[in-house]
Amino acid sequence: MSAEIFERYEAELAKHREAFAADEAVNLLTSPSCDEQMLVRWKLRYSVHGVAMTAPVESWIAGAGERVEQLGNEALGKALKAHSRAEAGHDRMMVADARAIAARLNEETPGTVDVEALLAEPPLASTVPYVELHERVIAGPNPQAQLAIEYEIEQLSVTMGPALLSNCERVFGKDSRFYSFLAEHVELDAGHTAFNRRQLQRVLADSPEALATMVEAGRTALACYAAFMAECLRLAQDDLGKVPVSA
């Protein structure tokens, strides 16, 4: 019965994963023919605006662990809190990537990017639902649904990540200081995904009634992340449109 419940989760999420993969922005960015200038500008925007989505991750997972413990599942709570420490400081990698890309652009054409001004901008509209999803889940009656969010998002590093990393290597070369966040997550998130899968299987085995909540959390996380990638792409396209012809 426990395996069947998890298979039902996987079956429900399959269509949402397919929708994510078919998203126009995701398709463009992972295509081997993705325009080089577009990818550079998108990677800058993704790094700058991704800070708002990445900085709270450690506290989100730890907070879910605390709530799960309060509701009586001490083992899962401790596992989540221990896992949260692996996410510490990842936002600083995004900041470093953004500054490296901006320095490259400014070296090519001085004054092209004010990266500190970009980093000081408020969060994008697409990041707000993503943040609210985590906060709602953690504060709600099923904080263990944080597992579904992490499972779906970290799994993207395994499914979408290699193609995106390949494009970054094509455009930036092997110097990963321009894409350190992506490179690390492609390397490490297979392990994180396995952790989330095991925990999710256990939760669904013990609480099959949580299936609908898990499905909804995973579905919403994927939709939010696709919207974020698309908004970063629109901003990148606008940025390119402002580049002087002589640049």
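The values are calculated or read from the model by the stated rules, or taken from the named source; none is laboratory data. For clarity, every value in this text was computed on a predicted model and none was experimentally measured. Here the Cβ positions follow ideal geometry from the backbone for every residue, glycine too, while neighbour counts run over all protein chains shown. Just the protein is used for accessible areas: all its heavy atoms, side chains included, with ligands, DNA and RNA removed. Shrake-Rupley method; radii C 1.70, N 1.55, O 1.52, S 1.80 Å.
Data table
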{"item": "Gain in span if fully extended, Ala75 to Ala3, counting 0.36 nm per residue against the direct Cα distance", "result": "23.9 nm"}
{"item": "Region 58-207 - percent of accessible surface contributed by carbon and sulfur, probe 1.4 Å", "result": "53"}
{"item": "Dipole magnitude of region 53-142, debye to nearest 20 (Cβ charges: Lys/Arg +1, Asp/Glu -1, about Cα centre)", "result": "340"}
{"item": "Backbone N under 15 Å from the Arg198 label point (7 Å along Cα→Cβ), restricted to region 63-84", "result": "75-84"}
{"item": "Dipole of region 89-152, positive end: most advanced residue of Ala98, Val131, Pro143 [Cβ charges, Cα centre]", "result": "Pro143"}
{"item": "Euclidean distance between Cα centres, region 16-71 to region 141-174, Å", "result": "7"}
{"item": "Rounded tilt (10° steps) of 74-84 against the dominant C-alpha axis of the chain", "result": "10"}
{"item": "Inter-site label distance for Arg170 and Glu66 at 7 Å from Cα along Cβ, in nm", "result": "4.5"}
{"item": "Cα-centre dipole for region 108-221 with unit charges at Cβ (Lys and Arg positive, Asp and Glu negative), debye to 20", "result": "400"}
{"item": "Helix 36-54 vs. the chain, principal-axis angle (Cα, 0 to 90°, nearest 10)", "result": "40"}
{"item": "Neighbour net charge for Thr112 - beta-carbon separation under 13 angstrom, K R +1, D E -1", "result": "-1"}
{"item": "Cα-centre dipole for region 1-74 with unit charges at Cβ (Lys and Arg positive, Asp and Glu negative), debye to 20", "result": "360"}
{"item": "Charge dipole of region 140-247 about the Cα centre (unit charges at C-beta), most positive-ward option of His192, Thr213, Tyr179", "result": "Tyr179"}
{"item": "Cα-based helix-to-principal-axis angle, 211-241 vs the chain, degrees rounded to 10", "result": "0"}
{"item": "The chain: calculated mean residue ellipticity at 222 nm from DSSP helix runs of at least 4, using -39500 (n - 2.57)", "result": "-26000 deg cm²/dmol"}
{"item": "Spatially proximal lysines relative to Lys43 (Cα-Cα < 18 Å; intrachain offsets below 8 disregarded)", "result": "Lys174, Lys242"}
